[in-house]
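Visitor: Sharing a structure, written as structure tokens. Questions coming.
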Amino acid sequence: MKKVAIIGGGLSGLTAAFYLARQNKNIDWQVYEASARFGGHIKTVHKQGYIIEKGPDSFLARKPAGMQLIHDLKLDSELVKNATGQSYIYQNKIFHPIPEGSIMGIPTKLKPFLKSKLFSPLGKVRVLYELIKPADRSKEDQSLGDFFEKRFGKEMVTHLIEPLFSGIYAGNLYQMSLRATYPAMETLLNENGSILKGLRKQRVQTTGTKQTIGAFRTLKGGMTQLVDELVKQLPAERCHLNKAIENIEKKEDRYHLLFKNGEIEVVDEIIFGINHLRALELMPQYESPLKNQKIASSATLSFGFKIDDVPSLPDGTGFLMTREKDEHMTACTWVHTKWPHMVPENRILLRVFLGRSNLSNVTELADDELISLARTYLQDIMGVTAEPEVTEISKMNMAMPQYDIGHTERVASLLEKTKHQREGLHFIGMSYEGVGIPDCIQLAKETVKNM
């Protein structure tokens with residue numbers, strides 16, 4: 001019987017174990033998690049009636065892998081759809097609504113875009129010029145920033161596109177790979193000669209506007225409910241906590257796992273459900289095309305207030321910050337409007353996001369410094385001066401892999417190497433083919449299917 005070690009008990013590792021178990025293959029698999037809990041970045045806290053997410057608060061429903069796992073776990077009845085609502089861009093002390101009809105910032109409706117005060121008249125003309133601008137098709141990968149600036153101008157990028165993408169990837173738009181993060185835009189340009197023309201032909205869901213259909217899903221008890229159900233449905237004797245690995249050595253055709261407690265396990269294959277750089281630390285002798293991948297850090301702080309203690313906020317679900325100044329804050333979610341079930345009656349929950357790749361690592365700040373920084377932003381931007389009744393901090397150090405230019409080629413090279421050399425090594429998680437929950441689920445599922 002083949003022995004397989006799944007290293008990492010986050011969502012990717014647990015998903016791999018779940019689908020391995022369902023396939024009834026002749027495989028003896030074990031999950032090894034270094035910490036005292038499963039779930040990785042997913043962690044939900046229940047405090048004084050609030051449901052607070054310390055990691056991702058939801059997943060994108062239009063990507064099928066997430067919804068399929070929910071169905072396979074029989075959690076369909078536990079799903080909650082996000083409330084629709086306006087999102088804003090905060091610039092020069094003004095909340096600017098994201099124009100109706102925007103697709104990741106790109107306008108598909110002329111009137112709302114022209115009425116927006118987020119852009120100057122010249123900036124609007126430059127965006128509309130994209131309709132007749134010759135298509136500059138490229139054979140090589142390029143950065144998202146360069147691609148969008150060439151098509152729509154600098155103002156559109158800095159005022160809207162960059163805040164939206166930084167909220168997802170926590171990175172530098174001018175280093176981020178177009179083909180690894182948003183290849184559909186390049187396809188639209190190549191097929192239509194214009195992105196605006198291509199989007200107007202398609203019925204694509206808008207982003208952050210009043211008419212945006214609830215695109216995201218969570219669970220009634222929070223995202224930890226997904227992790228808990230995965231663990232519940234897996235054999236307990238195969239899932240191990242506090243099993244940190246010191247290093248891995250390949251001897252002949254098998255892998256020797258040396259644990260920090262001195263134990264040794266010998267396996268035939270390994271599924272790495274941890275970030276790629278951590279995997280390389282365990283196997284320093286392994287030559288990987290992704291050995292220089294950068295990983296960004298961030299922090300989120302959630303503050304719960306009595307409704308009367310917070311000045312009136314704009315009608316919406318939150319805002320994103322432009323990068324015009326070197327501010328650590330990137331966004332704020334008004335959780336009480338986006339996810340009403342997560343907040344007690346007559347309460348407000350504000351979730352502040354901190355961390356930019358070009359600034360110092362916010363996770364190195366002490367808790368009281370982080371709280372002070374976040375509350376300063378709340379006061380300056382929203383006029384919130386009251387003491388919160390609930391505070392929750394989440395530091396995500398080295399948590400977001402960066403998909404820099406050429407990422408897809410490096411991942412393809414890694415997969416080609418593992419496939420043809422028959423090494424018995426498999427890599428899943430956020431470091432490769434998408435940072436979202438459905439992306440990680442899909443990669444884990446495909447990996448075990450092809451073993």
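The values are calculated or read from the model by the stated rules, or taken from the named source; none is laboratory data. Quantities reported herein were computed from a predicted structural model and do not represent experimental measurements. Here Cβ is always computed from backbone atoms with ideal geometry, including for glycine, and neighbour counts include all displayed protein chains.
Visitor: Here are some residues: Leu354, Leu370, Leu359. Which one is crowded, with 20+ Cβ neighbours inside 10 Å and either out of contact with any Phe, Trp or Tyr (no Cβ under 9 Å at 6 or more places or on another chain) or closer than 20 Å to Asn92 by Cβ (or both)?
Guide: Answer to the check: Leu370.
Visitor: Just give me the residues in the stretch 415-433 being more than 21 Å from Val362 (Cβ to Cβ) and either within 20 Å of the chain's Cα centre (by Cα) or buried (at least 20 other Cβ atoms within 10 Å of the Cβ) (or both), in sequence order.
Guide: Within the stretch 415-433, Leu425, His426, Phe427, Ile428, Gly429, Ser431, Tyr432, Glu433 qualify.
Visitor: Taking Leu320 as the residue in question, decide whether it is at pLDDT 95 or above and assigned by TED's automatic domain parsing to the domain that holds Glu364.
Guide: yes
Visitor: How about the stretch 394-406: which of its residues are crowded, with 17+ Cβ neighbours inside 10 Å and either under 25 Å from Leu14 (Cβ atoms) or over 21 Å from the mean Cα position of the chain (by Cα) (or both)?
Guide: Result: Ser394, Lys395, Met396, Ala399, Met400, Pro401, Gln402, Tyr403.
Visitor: Here are Ser297, Ser312: which of them is among the polar types (S, T, N, Q) and surrounded by fewer than 17 Cβ atoms within 10 Å (Cβ to Cβ)?
Guide: Ser312
Visitor: Here's another thing I want to ask about it. Just one of (1) within 21 Å of the chain's Cα centre (by Cα); (2) modelled with pLDDT under 95 trips up Met67, so point out which.
Guide: With respect to (1) within 21 Å of the chain's Cα centre (by Cα); (2) modelled with pLDDT under 95, Met67 is out only on (2).
Visitor: Separate question: List the residue pairs whose Cβ atoms are under 6 Å apart, where the first residue sits in the stretch 8-30 and is closer than 25 Å to Ser431 by Cα and touching a residue at least 60 places away in the same chain (Cβ under 8 Å), the second is of a type in the set (Lys, Arg) and in a helix (DSSP H, G or I), and the two are 6 or more positions apart or on different chains.
Guide: Tyr19/Lys445; Gln30/Arg238
Visitor: Identify, please: which residue in the stretch 325-351 is among the acidic types (Asp, Glu) and closer than 15 Å to Tyr377 by Cβ and is, among those, modelled with the highest pLDDT?
Guide: Glu327
Visitor: Now a separate question. Looking at the stretch 43-56, can you tell me whether even one residue there is part of a loop (DSSP other than H, G, I, E, B), surrounded by 20 or more Cβ atoms within 10 Å (Cβ to Cβ), in contact with a strand residue (DSSP E or B) (Cβ under 7 Å, 6 or more places away or on another chain) and on the phi > 0 side of the Ramachandran plot?
Guide: No, the conditions are met nowhere in the stretch 43-56.
Visitor: Considering only the stretch 368-384, state which residues are on the phi > 0 side of the Ramachandran plot and in contact with a strand residue (DSSP E or B) (Cβ under 8 Å, 6 or more places away or on another chain).
Guide: none
Visitor: Continuing with the same structure: Within the stretch 81-98, identify whether any single residue is surrounded by fewer than 22 Cβ atoms within 10 Å (Cβ to Cβ), among the charged types (D, E, K, R) and touching a strand residue (DSSP E or B) at 6+ places or on another chain (Cβ under 8 Å), and answer yes or no.
Guide: Within the stretch 81-98 (the criterion being surrounded by fewer than 22 Cβ atoms within 10 Å (Cβ to Cβ), among the charged types (D, E, K, R) and touching a strand residue (DSSP E or B) at 6+ places or on another chain (Cβ under 8 Å)), the answer is yes, since at least one residue qualifies.
Visitor: Where in the stretch 214-264 are the strands (runs of 3 or more DSSP E), entirely inside, with at least 2 residues that are surrounded by fewer than 19 Cβ atoms within 10 Å (Cβ to Cβ) and at pLDDT below 95?
Guide: Per the criteria, 245-251.
Visitor: Sticking with this structure for a sec: Only one of these is surrounded by fewer than 19 Cβ atoms within 10 Å (Cβ to Cβ) and more than 22 Å from the chain's Cα centre (by Cα): Ala36, Ala5. Name it.
Guide: Criteria check complete, one pass: Ala36.
Visitor: Out of all the residues in the stretch 405-434, which are part of a loop (DSSP other than H, G, I, E, B) and closer than 21 Å to Ala17 by Cβ?
Guide: Those that are part of a loop (DSSP other than H, G, I, E, B) and closer than 21 Å to Ala17 by Cβ: Glu423, Gly424, Ile428, Gly429, Met430, Ser431, Tyr432, Glu433, Gly434.
Visitor: Moving to a separate point now. Just need a number here: residues in the stretch 266-320 that are of a type in the set (D, E, K, R), more than 21 Å from the chain's Cα centre (by Cα) and closer than 24 Å to Ile161 by Cα.
Guide: Going through the stretch 266-320 one residue at a time, the tally reaches 1.
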